[in-house]
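Notes for the one structure printed next.
The values are calculated or read from the model by the stated rules, or taken from the named source; none is laboratory data. Please read all numbers here as calculations on a predicted model, not as lab measurements. All Cβ positions, glycine included, derive from the backbone under ideal geometry; neighbour counts span all protein chains shown.
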Amino acid sequence: MMKIITIGNQKGGVAKTTTTMNLGVALQELGKKVLLIDLDPQASLSVYLNHNLNDKYTIDRLIDEFINDEVKNVEKYIKTSENDKIDYIPSKARLSALEKEMDTRYSREFILKEILENEYFKKYEYILIDTCPSLNILLTNALTCSTDIIIPVQSQFFTMDSLNLMLETITKIKKYVNSNLNILGILPTMVDNTNMSKEVIEYLKENYANKLLDTHISRLVEASESTAFKISLVKMNKRLGKQYTELANEILRKSH
Ligand SMILES: Nc1ncnc2c1ncn2[C@@H]1O[C@H](COP(=O)(O)OP(=O)(O)OP(=O)(O)O)[C@@H](O)[C@H]1O
Ligand SMILES: [Mg+2]
């Protein structure tokens, strides 16, 4: 059974992109066939993957072709990163212009789901989707086609409002378009020894105990080094890389 996992939180800077990349590489190192999809017009994941920004086969074009009924070959949209050897579909800024076009289309929530139904994607066991920090049609598309969602929460400047808003969105998605969507878990990121961080973890334990993942991701500067070097923390064998491997193992246990 293929798992499609959205890494989502409409709050910015909570480590969605870092988590998509490193959980993906960790799952691959554990022997799984993994595809990453960059569904954020900021294209941070594509940059992290050292994508050649001149490449024209990006997710916006794939969606565009799909809307115009002319997808002939999805294979040309699948890239393999040089450093981590992981498959991905890149994004670019133009994706944000496409939002309007998607918005007016019939069955607009199902565009990505229909694209991923293509035979070509059957070879993947895990598809991870990196999303943008807003509640827009792109996030809705990700949640509609996903079997699961992981919600990274930054354990630094926590607002419960943003987590609650995300959970409300998931409730609506489950009600109207994807009743099978499973919350794989809330992932605390950038955890450190400050009181703020401890309070956030305490709050999450008290209020979301059954949804809180066992794995917590520490706050370490190596995260930004990894982004700068365009190599995953897993491949660089960093402490955070080990934590993301732990997360991958937890996900595998929960997927069975
Ligand atoms: N565990 C960590 N420790 C320290 N810094 C981190 C950690 N994880 C991510 N960061 C840094 O925090 C910043 C935001 O991370 P990231 O880009 O993954 O978040 P995001 O949720 O994808 O952001 P956006 O909402 O803009 O897409 C980056 O500079 C990243 O290097
Ligand atoms: Mg991001």
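Helices (runs of 4 or more DSSP H) fully within region 133-244 that include at least 3 residues being farther than 30 Å from residue 104 by Cα: 195-208, 222-229. Among the residues of region 21-33, is there at least one that is free of Cβ contacts under 8 Å to residues at least 40 places away in the same chain and either under 22 Å from residue 238 (Cβ atoms) or within 15 Å of ligand 1 (Cβ to nearest atom) (or both)? Checked region 21-33: at least one residue is free of Cβ contacts under 8 Å to residues at least 40 places away in the same chain and either under 22 Å from residue 238 (Cβ atoms) or within 15 Å of ligand 1 (Cβ to nearest atom) (or both).
Quick grid of which residues meet (1) aliphatic (A, V, I, L, M); (2) surrounded by 14 or more Cβ atoms within 10 Å (Cβ to Cβ):
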site	(1), (2)
26	yes, yes
36	yes, yes
51	no, yes
58	no, yes
72	no, no
82	no, no
100	no, no
104	no, no
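Considering the conditions (1) surrounded by fewer than 23 Cβ atoms within 10 Å (Cβ to Cβ); (2) in contact with a Cys (Cβ under 8 Å, 6 or more places away or on another chain), residue 32 is excluded by exactly one of them, (2). Of all residues in region 210-256, those satisfying the criterion of being hydrophobic (A, V, I, L, M, F, W, C), more than 12 Å from ligand 1 (Cβ to nearest atom) and crowded, with 19+ Cβ neighbours inside 10 Å are 213, 231, 234, 248, 251.
Hey, residue 134 hits all of (1) within 16 Å of ligand 2 (Cβ to nearest atom); (2) in contact with a helix residue (DSSP H, G or I) (Cβ under 7 Å, 6 or more places away or on another chain) but one; which does it fall short on? So the condition that residue 134 fails would be (2). Once region 7-20 is narrowed to residues that are among the aliphatic types (A, V, I, L, M) and near ligand 1 (Cβ under 6 Å from one of its atoms), the residue that is surrounded by the most Cβ atoms within 10 Å (Cβ to Cβ) is 14.
Just one of the listed residues (172, 123) is farther than 30 Å from residue 196 by Cβ, surrounded by fewer than 22 Cβ atoms within 10 Å (Cβ to Cβ) and without any contact (Cβ under 8 Å) to a residue 60 or more places away in the chain, namely 172.
Quick grid of which residues meet (1) at pLDDT below 90; (2) within 27 Å of residue 177 (Cα to Cα); (3) within 16 Å of ligand 1 (Cβ to nearest atom):
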residue: 44; (1), (2), (3): no, no, yes
residue: 52; (1), (2), (3): no, no, no
residue: 59; (1), (2), (3): no, yes, yes
residue: 77; (1), (2), (3): no, yes, no
residue: 90; (1), (2), (3): no, yes, yes
residue: 99; (1), (2), (3): yes, yes, yes
residue: 110; (1), (2), (3): no, yes, no
residue: 123; (1), (2), (3): no, yes, no
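Only a single criterion out of (1) of a type outside the set (Asp, Glu); (2) under 20 Å from residue 45 (Cβ atoms); (3) over 17 Å from the mean Cα position of the chain (by Cα) is not satisfied by residue 203, namely (2).
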